[in-house]
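**Student:** Here it is: the structure, laid out below.
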Amino acid sequence: MSLLVCVTRKDNTKLLDTLNAQLPDVDIYEWPHCPDLAQVEFVLAWNAPDELWTQLPNLKVVQSYGAGVDGIAMHFLPEHVTVTRIVDSQLTKDMAQYVLTHVLAHKLRLKQYFVQQQQGVWKPKRAHQGNHVGIMGLGELGQAVANQLVDNGFKVSGWSASEKNIANVATYASQEQLELFLHKLDYLVCLLPLTKHTKGILDKSVFSLLPNHCVLINVARGQHLVEEDLIWALDNNELAAASLDVFTQEPLDSDHPFWLHPNITITPHCAALTSVTTACEQIAKNYLSLLNSDKLTNTVDRTKGY
């Protein structure tokens, strides 16, 4: 049995070195350099090409190289294949701090003051008074963000596909409660998993339900956002601002209108980066569990997509 790494669009030198140190007796290959794909039962993947999956007759486990699994085309996988993901406690803390920082940055007008500094303008104003943050997606990351905001004195609401019960957070569930969740928010944070039901969810219909002073923070996936609808909302005073860490295409094209829009703040998908060391520890553990017919950790419900 061998382990195949198919993590595209990045330099995997450190990843491969760490995996080899964790699994010194295992044959580890990087796609497309594998002498016998029939020996592969375990694949570490992110943005793998669709044609890979039909070439793995003995595949048993696909490990996502990330907290989400949208980088895996699960509809190509046979039903018996188990999908797992990375869970990184530091990543969770980083995400909570990132969201809190961007809420406070807007609340305290930091971008406005940065522009004034460049212009030599001295013009103090009170902080924005809005204090109500709504979080779409109440999984591990969403709950950590909610708790961080509550601890810092914010009123927090959350919306998810299924009902959740979180201390000090007003929770809403299902499409029927979406409008009720949205209509009084000062900040809207997207932390949803990317599924066929959530793709394009941040669109005109949602923006129209939000107060026009609301700020969007998207730290989930770029495909959640209909980009032209965001431009429309900002230019027509349906939204006040947006902080974006994820994009449909990454890196963002140099001529993309987001770069120069005065009410958009961009960061390069850095809100919460996976630790190679932590990831490799979990990958190695799951590989050895497969080898020994033990239970795998952090498995994914393939019917839900998360």
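**Student:** Might you let me know whether segment 200-218 holds any residue that is among the basic types (Lys, Arg) and assigned to a loop (DSSP other than H, G, I, E, B)?
**Tutor:** No; the residues of segment 200-218 include none that is among the basic types (Lys, Arg) and assigned to a loop (DSSP other than H, G, I, E, B).
**Student:** State whether the residues of segment 233-240 include one that is part of a helix (DSSP H, G or I) and among the hydrophobic types (A, V, I, L, M, F, W, C).
**Tutor:** For segment 233-240, residues part of a helix (DSSP H, G or I) and among the hydrophobic types (A, V, I, L, M, F, W, C): present.
**Student:** Please determine whether any residue of segment 276-296 is among the hydrophobic types (A, V, I, L, M, F, W, C), in a loop (DSSP other than H, G, I, E, B) and closer than 24 Å to Ser89 by Cβ.
**Tutor:** Checked segment 276-296: at least one residue is among the hydrophobic types (A, V, I, L, M, F, W, C), in a loop (DSSP other than H, G, I, E, B) and closer than 24 Å to Ser89 by Cβ.
**Student:** Considering only residues of segment 250-275 that are among the hydroxyl-bearing types (Ser, Thr, Tyr) and assigned to a loop (DSSP other than H, G, I, E, B), which is modelled with the lowest pLDDT?
**Tutor:** Thr274
**Student:** Within segment 116-137, is there a residue that is surrounded by 16 or more Cβ atoms within 10 Å (Cβ to Cβ), in the same structural domain as Val206 (by TED's automatic domain parsing), at positive phi and out of contact with any Lys or Arg (no Cβ under 7 Å at 6 or more places or on another chain)?
**Tutor:** Looking through segment 116-137, at least one residue is surrounded by 16 or more Cβ atoms within 10 Å (Cβ to Cβ), in the same structural domain as Val206 (by TED's automatic domain parsing), at positive phi and out of contact with any Lys or Arg (no Cβ under 7 Å at 6 or more places or on another chain).
**Student:** On to the next question. Among the residues of segment 102-121 satisfying the criterion of being assigned to a helix (DSSP H, G or I) and among the hydrophobic types (A, V, I, L, M, F, W, C), which is farthest from Gly66 (Cα to Cα)?
**Tutor:** Taking the candidates together, the pick is Val115.
**Student:** For residues that are more than 28 Å from the chain's Cα centre (by Cα) and charged (D, E, K, R), tally how many sit in segment 14-30.
**Tutor:** Result for segment 14-30: 2.
**Student:** Within segment 270-304, restricting attention to residues that are out of contact with any Asp or Glu (no Cβ under 6 Å at 6 or more places or on another chain) and within 30 Å of Leu239 (Cα to Cα), which residue is surrounded by the most Cβ atoms within 10 Å (Cβ to Cβ)?
**Tutor:** Leu273
**Student:** Taking segment 74-101, which residues are farther than 16 Å from Leu141 by Cα and either assigned to a helix (DSSP H, G or I) or not hydroxyl-bearing (Ser, Thr, Tyr) (or both)?
**Tutor:** Correct list: Met74, His75, Phe76, Leu77, Pro78, Glu79, His80, Val81, Val83.
**Student:** Return yes when Glu228 is without any contact (Cβ under 8 Å) to a residue 12 or more places away in the chain and either surrounded by fewer than 15 Cβ atoms within 10 Å (Cβ to Cβ) or part of a helix (DSSP H, G or I) (or both) and no when it is not.
**Tutor:** yes
**Student:** I've got another one for you. Across segment 37-73, what is the total count of residues that are at pLDDT below 95, part of a loop (DSSP other than H, G, I, E, B) and hydrophobic (A, V, I, L, M, F, W, C)?
**Tutor:** Residues that pass the stated criteria total 5.
**Student:** Still on this structure, please answer the following. Has segment 148-157 got any residue that is small (Gly, Ala, Ser) and outside the structural domain of Leu239 (by TED's automatic domain parsing)?
**Tutor:** no
**Student:** Output the qualifying pairs, or none if there are none: Cβ atoms under 8 angstrom, residues six or more apart or on different chains, first residue in segment 36-60 and closer than 20 Å to Val26 by Cα, second residue charged (D, E, K, R) and in a loop (DSSP other than H, G, I, E, B).
**Tutor:** Sorted first by the residue in segment 36-60, then by its partner, the pairs are Glu41/Lys60; Phe42/Lys60.
**Student:** Going through segment 140-185 one residue at a time, which ones are assigned to a strand (DSSP E or B) and either closer than 16 Å to Leu209 by Cα or among the hydrophobic types (A, V, I, L, M, F, W, C) (or both)?
**Tutor:** Val156, Ser157, Gly158, Trp159, Val169, Ala170, Tyr172, Ala173
**Student:** Assuming Lys111 fulfils every condition listed in (1) farther than 24 Å from Ser208 by Cα; (2) assigned by TED's automatic domain parsing to the domain that holds Cys214; (3) touching a residue at least 60 places away in the same chain (Cβ under 8 Å) apart from one, which condition is it?
**Tutor:** So Lys111 meets the others, but not (2).
**Student:** Scanning for something closer than 24 Å to Ser243 by Cα, without any contact (Cβ under 8 Å) to a residue 40 or more places away in the chain and polar (S, T, N, Q), does segment 98-108 turn up at least one residue?
**Tutor:** So far as segment 98-108 goes, yes, one or more of its residues are closer than 24 Å to Ser243 by Cα, without any contact (Cβ under 8 Å) to a residue 40 or more places away in the chain and polar (S, T, N, Q).
The values are calculated or read from the model by the stated rules, or taken from the named source; none is laboratory data. Everything numeric here is computed off the predicted structure, so don't read it as measured data. We place every Cβ from the backbone using ideal geometry, glycine too, and count neighbours over all the protein chains shown.
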